[in-house]
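This report refers to the structure that appears directly beneath it.
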Amino acid sequence: GLALASTMAHRPASTGNQLRSAVPLPEPYTVPLPIPPVLKPVSTSGGTDRYEITQRETTAEILPGIRTKLWTYNGVFPGPTIDSRRGRPATVTHRNELPVPTVVHLHGGRTPAASDGYPTDLVLPHDWPTPAAHDHQPPNQSHSHSHSQQHQHAGAHSMADPRAVTSRGTRDYTFPLDQRATMLWYHDHRMDFTAPAVWRGLAGLHIVRDDTEDALGLPRGERELPLMIADRAFAADGSLTYPSLDPSLRDRPGVKGPYAAGVLGDVVLVNGAPWPIHEVDAVRYRLRLLNASNARHYEFQAVTDDGRRLDLVQVGADQGLLAAPVTHTTLPVAPAERYDVVIDFAGLPTGSRVRLINRLGTGRTREVMAFRIARRARDESHIPKRLSDDLPTWRRSEATAVRDFAFRAGEKEHGRSWVIGGRTFDPARTDVRTRLGAVEVWRFVADVHHPVHLHLVGFRVLSRGGRAPLPHDAGLKDTISLRPGESAEIITRFDGYRGRYLFHCHNAEHEDMGMMANLEIT
Ligand code: C2O
Ligand code: CU
C-alpha cells in the first residue's frame, strides 16, 4: 500500500484506496484454512483431460455469519484447482451463467492464442442480446463510465475489434500445458472489466506437475499448501464492496478516479477465508503462494510467537523451479506473482503459532494467516541443493531487438488512465510485432508500482535499477514487480505459438484503465 499511496496524495498515505468493510470482522486466526477442491476431469480420452466449469453466481459464508454474493467458477471461491501433468493437454469447457460476458485466461500458461483469453474474445451469457441490438459507445468512452454501466455496453469492444471471436453460452479452452511444472492461475480477463470480475471471485489455481519435480522430495500431500491470497472489503449487506458501485467514492473534481491507484480491501483472504489458521506438524511445508489481489503488494515474513523470523526458502518462481534454493526472511510478492517456498516448523513448541504477516500492511492488513504447531512428526522431505537444470540461459548478444516501455499515469482523461509508451490499450493496434523464436530484451520503467506481466512466455530478469537483479528475481518469471521510479530489463524468447498476445500491468485497475498492449508473434 505505501507505494500505491504516492499517486493518491489527497488521501492519507497509509490507506491509499483502501476500502473499509461495514460489517463486523472476525478476529484474525480463528477461521480454518480451506483448501480449494481439486476438479475431476469429466473424461480423459486420447491423452487429453476434459474439464467442465460453470461460471455462476452463488452466495457463500466468507465472514462468519455473513452471506456474500460472489461470481464463481463452479460455485466456489477460489475456483476449483486443476491439477495437470506436464505435456498432458487439458480442455476446459467454460459455461457462462453469469449476467455479464466473461473471458478466461490461464495466467502463465503456454497457450495457443485462440485459447489465451484475449480480452475481446467474449463468452456471452446464452441469453445476451445480439451486439447489433445495442447502442455502442466507442472504447475510449468506456473507461470513464465503465464499472457502473457494465450491463449496458459490455460487448462494444468486440465490435471495435474485427479479430474478436465471440462465443455464446460456452467455450472450450485448450491448454497444451507443454511447459515447466509450476502453479498457474486462471482468472477473468474481459476488456475494461477484469478488476471487478476477479474481485467478485473469478479466480482459481491450475497446478502443473512433472516427474522431475516429484522426484525432488519436496514436501507433498497435506504438507503442500496452495495459498491464494487476496484482499477484499465487505458492504453492510455482506456483498463485496467495489468503488464504482459505491456513490460516495465516485469521482470528485480535482481528484483522480476512485480506484486510480488500485483497489485495496481491509480483509485479507487466504483461499477465500479471512486471516485463516492452519494446524501443521512440526515439519517442513511447501507453500505455493499466489498474490491474487487486484492491487495490494505484500512483503511476507513468517514470525513465531516469541518474535523469531523463520526462513522462507524459495524453490520456485512464477514459471517453476529455481536452479537452486534462495533463502528469504522477507519476501515481496506483487499482484499475480507466485512464489514457491518451503518453511520448516521443526523444533517449534507444540501449541505455538507462526504468523505469516505482511510487513507493508497496517493494523489488520498486516496479518495474513497463521500456522498452529499441532504435533511432532517425522519429516521425510528435503530441499535439494540443485533443483533444476533446464532454466533458459538467453544472452544479450542473442537479442534481435531491444525495446523500451514506460509504464505511467496517462496525461489525458483527467488522470484516469494508465499508459504503456503513452498509449492506452486498443485491441485494433499492434504494439509489438516479433517473430516466432526471436530473443528480445525489454526495458521497463515505472512511475509507481506496476507488476508487469507477459502472456505466453517466461522471462529472466537481467537487471533492476541498473544493477544486478534482486534475490526474489531468480528463476523464470512471467510477472515482474517494478517499484516506484524503477527500471528493469528482462530477456525472453518468443517461442511456442504465433498469434496475438498481451502484456500489461497486473494491478487489475491499472489494466482496466488502459495499461495493456498487444504483442503479435508472426
Ligand atoms: Cu493474470 Cu493477462 O493476466
Ligand atoms: Cu500498474
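Points worth noting:
- So residue 12, is it assigned by TED's automatic domain parsing to the domain that holds residue 185 and either buried (at least 17 other Cβ atoms within 10 Å of the Cβ) or at pLDDT 95 or above (or both): no
- Test result for residue 443, modelled with pLDDT under 95 and within 23 Å of the chain's Cα centre (by Cα): no
- Subset of the range 56-97 that is assigned to a strand (DSSP E or B) and of a type in the set (Gly, Ala, Ser) - its residue that is surrounded by the most Cβ atoms within 10 Å (Cβ to Cβ): 79
- For residue 360, the conditions (1) within 18 Å of residue 290 (Cβ to Cβ); (2) touching a Phe, Trp or Tyr at 6+ places or on another chain (Cβ under 7 Å); (3) part of a strand (DSSP E or B) all hold with the exception of (3).
Residue-by-condition table, conditions (1) among the small types (Gly, Ala, Ser); (2) surrounded by 17 or more Cβ atoms within 10 Å (Cβ to Cβ); (3) not assigned by TED's automatic domain parsing to the domain that holds residue 477:
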position: 300; (1), (2), (3): no, yes, yes
position: 306; (1), (2), (3): no, no, yes
position: 329; (1), (2), (3): no, no, yes
position: 352; (1), (2), (3): yes, no, yes
position: 363; (1), (2), (3): yes, no, yes
position: 368; (1), (2), (3): no, yes, yes
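- All positions within the range 408-466 that are β-branched (Val, Ile, Thr) and within 16 Å of ligand 2 (Cβ to nearest atom): 419, 420, 424, 445, 448, 452
- The selection criterion, being of a type outside the set (Gly, Ala, Ser), assigned to a loop (DSSP other than H, G, I, E, B) and more than 16 Å from ligand 1 (Cβ to nearest atom), holds for residue 349.
- As a summary of the residue check, residue 427 satisfies the conditions (1) in contact with an Asp or Glu (Cβ under 6 Å, 6 or more places away or on another chain); (2) within 16 Å of ligand 1 (Cβ to nearest atom); (3) in a strand (DSSP E or B) except for the one numbered (3).
- Residue list for the range 159-208, restricted to those being acidic (Asp, Glu) and modelled with pLDDT of 95 or more: 172, 178, 188
- Residue, modelled with the highest pLDDT, within the range 410-419, restricted to residues that are more than 16 Å from ligand 1 (Cβ to nearest atom) and under 21 Å from the mean Cα position of the chain (by Cα): 419
- Of residues in the range 484-522 being part of a loop (DSSP other than H, G, I, E, B) and among the hydroxyl-bearing types (Ser, Thr, Tyr), the one surrounded by the most Cβ atoms within 10 Å (Cβ to Cβ): 497
- Filter result for the condition that a residue is touching a His at 6+ places or on another chain (Cβ under 8 Å), surrounded by fewer than 24 Cβ atoms within 10 Å (Cβ to Cβ) and at pLDDT 95 or above, over 123, 100: 100
- Only residues that are in contact with a helix residue (DSSP H, G or I) (Cβ under 8 Å, 6 or more places away or on another chain) and of a type outside the set (A, V, I, L, M) were counted across the range 173-188, and they come to 5.
- Condition met for residue 270 (at pLDDT 95 or above, more than 16 Å from ligand 1 (Cβ to nearest atom) and not assigned by TED's automatic domain parsing to the domain that holds residue 108): yes
- Subset of the range 176-229 [surrounded by fewer than 20 Cβ atoms within 10 Å (Cβ to Cβ), among the acidic types (Asp, Glu) and outside any loop (DSSP other than H, G, I, E, B)]: 211, 214, 222, 224
- The listed residue being in a loop (DSSP other than H, G, I, E, B) and closer than 18 Å to residue 406 by Cα, out of 448, 457: 448
- Among the residues of the range 306-341, those identified as of a type outside the set (A, V, I, L, M) and assigned to a strand (DSSP E or B) are 309, 314, 316, 320, 325, 327, 328, 332, 338, 339, 340.
- Hey, residue 456 within 16 Å of ligand 1 (Cβ to nearest atom) and not assigned by TED's automatic domain parsing to the domain that holds residue 110 or not: yes
The values are calculated or read from the model by the stated rules, or taken from the named source; none is laboratory data. Every value quoted in this text rests on a predicted model; they were computed, and no experiment measured them. With ideal geometry, Cβ positions are generated from the backbone for all residues, glycine too; neighbour counts draw on all protein chains shown.
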